[in-house]
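Pasting a structure below so you can have a look.
The values are calculated or read from the model by the stated rules, or taken from the named source; none is laboratory data. Computed from a predicted structure; not experimentally measured. With ideal geometry, Cβ positions are generated from the backbone for all residues, glycine too; neighbour counts draw on all protein chains shown.
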Amino acid sequence: MLFANKKLNSVKRQKTISGSHMDRKSKLPPAGEMETLQGQFLVAMPLMDDKRFKESVLFIVEHNSEGAMAIAINEQMPQIKFEDVYRDLLSASAVQNNKDKKIISSSMGSQPVFRGGPVQTNRGFLLHEAQEPLEGISFPVTSTISFSVSMDTLRGFAAKDNPGNIIFALGYCGWQPGQLENELAHNVWLTVPYNCDLLFVTDFEKRYDFALELLGITRANLSAFSSRA
């Protein structure tokens, strides 16, 4: 397994559409009308016809005229913990014989690993609360949440007894310019404003329902809305 050791721009260049509407022509909004959804959530609607995204909740880490990138936050990889992935990363890294770099706390070692999306599933992505000072490179998603593809950042968190709120995922979801806007126009996703409990606290298997609750709707309401769309 590989943890990205390059800047986020290197990931941008490899984005592909996340879901089921690749055959629909994408259209960018007119200049000046782009409204970023960065830092918000996407919730899959019943119209989602890609089984990989059925009842998915995604956190958008980047959204601009160049496309979008998100991490799925409601599907954990069974029987895999952070320590398992981290050991594999160390085995493939240049610092595998450096004892100081091999330290991993019990609290970090037991952290779950999320299935972040279908793109680059052999790469690790870390969402964490903004912290200073911090080794490596992290990119601000909001004023309180950062996103990292830096191995140095991962090593720093691995040794923390109290890492705070984090999500570690393998893979991500990506859209080329205009594709996410197109899916939204076809009622494939609902957008949900940022909520810390949804991102970090709520049990992962309850996050879909909680996301709907934040909008004041239920699965039954959602199905009725989709049938009218």
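Can you confirm whether segment 185-196 contains a residue that is under 29 Å from Ser65 (Cα atoms), surrounded by fewer than 17 Cβ atoms within 10 Å (Cβ to Cβ) and of a type in the set (Gly, Ala, Ser)?
Yes, segment 185-196 contains at least one residue that is under 29 Å from Ser65 (Cα atoms), surrounded by fewer than 17 Cβ atoms within 10 Å (Cβ to Cβ) and of a type in the set (Gly, Ala, Ser).
Is it the case that Ser93 is farther than 27 Å from Phe53 by Cα, modelled with pLDDT of 85 or more and more than 20 Å from the chain's Cα centre (by Cα)?
no
Filter segment 179-192 down to residues that are over 16 Å from Gln38 (Cβ atoms) and either among the hydroxyl-bearing types (Ser, Thr, Tyr) or not in a helix (DSSP H, G or I) (or both), then give me how many there are.
Qualifying residue count, segment 179-192: 4.
This table checks each residue for (1) within 16 Å of Ala169 (Cα to Cα); (2) modelled with pLDDT of 90 or more; (3) of a type in the set (Phe, Trp, Tyr); (4) surrounded by fewer than 21 Cβ atoms within 10 Å (Cβ to Cβ).
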position: Leu8; (1), (2), (3), (4): yes, no, no, yes
position: Lys12; (1), (2), (3), (4): no, no, no, yes
position: Met22; (1), (2), (3), (4): no, no, no, yes
position: Lys27; (1), (2), (3), (4): no, no, no, yes
position: Gly32; (1), (2), (3), (4): no, no, no, yes
position: Thr36; (1), (2), (3), (4): no, yes, no, yes
position: Lys51; (1), (2), (3), (4): no, yes, no, yes
position: Ser56; (1), (2), (3), (4): yes, yes, no, no
position: Met69; (1), (2), (3), (4): yes, yes, no, no
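Report, ordered by the first and then the second residue, all pairs with beta carbons closer than 8 Å, sequence separation of six or more or different chains, a first member in segment 33-62 that is on the phi > 0 side of the Ramachandran plot, and a second member that is in a loop (DSSP other than H, G, I, E, B) and of a type in the set (Val, Ile, Thr).
Taking only residues 6 or more apart or on different chains, the pairs are Gly39/Val141; Gly39/Thr142.
Go through (1) closer than 24 Å to Thr36 by Cα; (2) touching a strand residue (DSSP E or B) at 6+ places or on another chain (Cβ under 9 Å); (3) assigned to a helix (DSSP H, G or I); (4) without any contact (Cβ under 8 Å) to a residue 60 or more places away in the chain one by one and return the number of the condition Thr153 breaks.
(1)
Yes/no matrix, rows are residues, columns are (1) surrounded by fewer than 14 Cβ atoms within 10 Å (Cβ to Cβ); (2) assigned to a helix (DSSP H, G or I); (3) touching a strand residue (DSSP E or B) at 6+ places or on another chain (Cβ under 7 Å):
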residue: Lys160; (1), (2), (3): no, no, no
residue: Tyr172; (1), (2), (3): no, no, yes
residue: Glu205; (1), (2), (3): yes, yes, no
residue: Ile217; (1), (2), (3): no, no, no
residue: Ala220; (1), (2), (3): yes, yes, no
residue: Ser223; (1), (2), (3): yes, yes, no
